[in-house]
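Bear in mind these aren't lab numbers, they're just calculated from the coordinates by the rules spelled out. Only a predicted model underlies this, so the values are computations on that prediction, with no experimental measurement involved. Because the Cβ atoms are built from the backbone with ideal geometry, glycine has one as well, and the counts that use them run over all protein chains shown.
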Amino acid sequence: MAGAMIVSASYRSDIPAFYGEWFRRRLADGYALVRNPYGGADLRVDLRPEAVEGYIFWTRNPAPFEAALAEVAGQGTPFVVQMTITGYPRALESSVIEAPRAVAQVHAIAATYGPRAAVWRYDPILATSRTPPAWHRENFAALAGQLAGAVDEVVVSWATIYRKTKRNLGAAAQAQGFDWSDPTDDAKRALLVDLATIAGAHGMQMTLCSQPHLLIDGVAPARCVDADRLSDIAGRAIVAKQKGNRPGCACAASRDIGAYDSCPHGCVYCYAVQSRGRAQRRFKAHDPDDPMLVPDRLAEESPDGRVAAQPDLFESNA
């Protein structure tokens with residue numbers, strides 16, 4: 001498929017959980033529009049089957065997206081579901097589905113589409129008084145045991161504390177009565193060693209997302225947009241150059257069709273949401289018939305200065 005691309009949907013928002021009908025209408029129309037948050041013309045992304053090599057879906061709840069997955073599979077287009085399951089306390093992620101439900105959904109995807117179709121994300125790792133290292137070891141081991149056989153890879157990364165992340169974490173900590181910290185690199189590596197051992201014991205390769213300075217023996221850089229995995233699923237070669245979306249990223253080139261500040265999950269550590277209220281406003285204003293995920297009248301609201309000043313930080317080759 002000369003000129004075809006991998007489409008990401010979306011590391012900017014949880015399209016499977018909240019915008020499944022919009023995605024299905026985009027498939028029917030054969031395209032989506034993406035607002036460039038750093039200026040310039042809107043981007044038209046071709047979603048016709050002959051134009052898409054594969055999809056990467058990022059989510060915490062794929063259940064509302066079952067029909068869309070079936071449509072994509074029916075088109076003969078391979079896909080990978082990057083499924084985040086952390087099992088964190090509600091003070092940190094107030095409205096994501098409970099971990100047992102999320103685990104069951106991963107097993108359902110594996111049963112329907114094969115064990116290469118889903119990747120578990122324990123991401124980000126957050127150090128708080130409610131989630132100390134011992135808690136992470138126990139929690140990760142429990143989740144790994146429940147997911148054994150349904151996935152062969154778990155992607156991890158330590159939380160990167162951007163300006164808005166620091167602000168949102170600080171507000172949540174004050175309101176919910178917990179403390180948080182950004183541990184030293186040595187402390188981070190020490191926990192990664194333990195988690196990698198646990199992952200291996202459950203038949204999973206642990207990979208590390210965009211943090212090469214924290215790599216340890218036996219842990220490879222994550223390729224969340226993974227042309228090789230898509231090739232395995234498709235049964236044919238999918239070739240894409242490596243073109244990560246931030247420093248240290250090993251992903252293949254892709255086109256993302258999501259929008260920042262549009263996921264209402266309310267995770268206080270999220271890099272893609274400046275404020276939950278803003279995301280909720282955008283979600284309520286969303287029109288499934290609009291080719292653009294975020295309504296045009298709201299699209300001029302760009303991420304905060306930390307992101308806008310570095311367009312390569314989250315932009316996946318758009």
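Under the rule that an exposed site lies in a DSSP loop and has at most 12 other Cβ atoms within 10 Å, name the longest stretch of the chain with no GluC sites (Glu not before Pro) of that kind, not counting the sites themselves.
In short, 99-299.
Based on C-alpha coordinates, I'd like the Rg and Dmax of the stretch 177-236, in Å.
14.9, 52
Once amide H atoms are placed 1.01 Å from N in the peptide plane, what residues at a sequence separation of 5 or more from residue 267, or on another chain, have their amide H within under 5 Å of its amide H?
Sorted by chain and number, the residues that satisfy this are 94.
Just grab the label-to-label distance for residue 205 and residue 239, each label 7 Å out from Cα along the Cβ direction, in nm (one decimal).
2.1
Could you tell me which residue out of 144, 114, 227 lies farthest along the dipole of the chain toward its positive end? Charges go on the beta carbon: Lys and Arg +1, Asp and Glu -1, centred on the Cα centre.
Most positive-ward Cα: 144.
Taking amide H atoms as placed 1.01 Å from N in the peptide plane, list the residues 5 or more away in sequence, or in a different chain, whose amide H sits under 5 Å from that of residue 81.
When sequence neighbours closer than 5 places are left aside, the close amide H contacts are 57, 118, 119.
For the stretch 1-56, divide the Cα radius of gyration by the Kirkwood radius and give the resulting Rg/Rh value with two decimals.
Ratio of gyration radius to Kirkwood radius: 0.96.
Suppose a student asked you for the relative contact order of the chain, using Cα pairs under 8 Å spaced at least 6 residues apart; what percent would you report?
22
So which chymotrypsin sites (Phe, Trp or Tyr not before Pro) in the stretch 1-87 are both in a DSSP loop and have at most 16 other Cβ atoms within 10 Å of their Cβ?
Details: sites: 11, 18, 19, 22, 23, 31, 38, 55, 57, 58, 65, 79; in loops: 11, 19, 38.
Here the sparse-neighbourhood loop sites are 38.
How much length, in nm to one decimal, is gained on full extension between residue 176 and residue 280, taken as 0.36 nm per residue of separation minus their Cα-Cα distance? Kindly include the intermediate steps, with their values, before the conclusion.
Details: separation 104, 0.36 × 104 = 37.44 nm, distance 2.08 nm.
Between residue 176 and residue 280, full extension yields an extra 35.4 nm.
Taking the Cβ-Cβ separation of residue 31 and residue 107 as r and a Förster radius of 25 Å, what is the calculated FRET efficiency to the nearest 0.05?
Efficiency at R0 = 25 Å is approximately 0.15.
Report, ordered by chain and residue number, the lysines lying within cross-link reach of residue 166, taken as a straight Cα distance under 27 Å and ignoring same-chain residues fewer than 8 apart.
Partners within reach: 188, 284.
Between [x] 63, 42, 36; [y] 49, 42, 33; [z] 63, 56, 30, which matches Cα extents along the principal axes in Å calculated for the structure shown?
Computing Cα extents along the principal axes in Å and matching it to [x] 63, 42, 36; [y] 49, 42, 33; [z] 63, 56, 30 gives [y].
Would you mind pulling out the separation of the Cα centroids of the stretch 1-52 and the stretch 137-216, in Å?
Each part reduced to its Cα centre gives a spacing of 29 Å.
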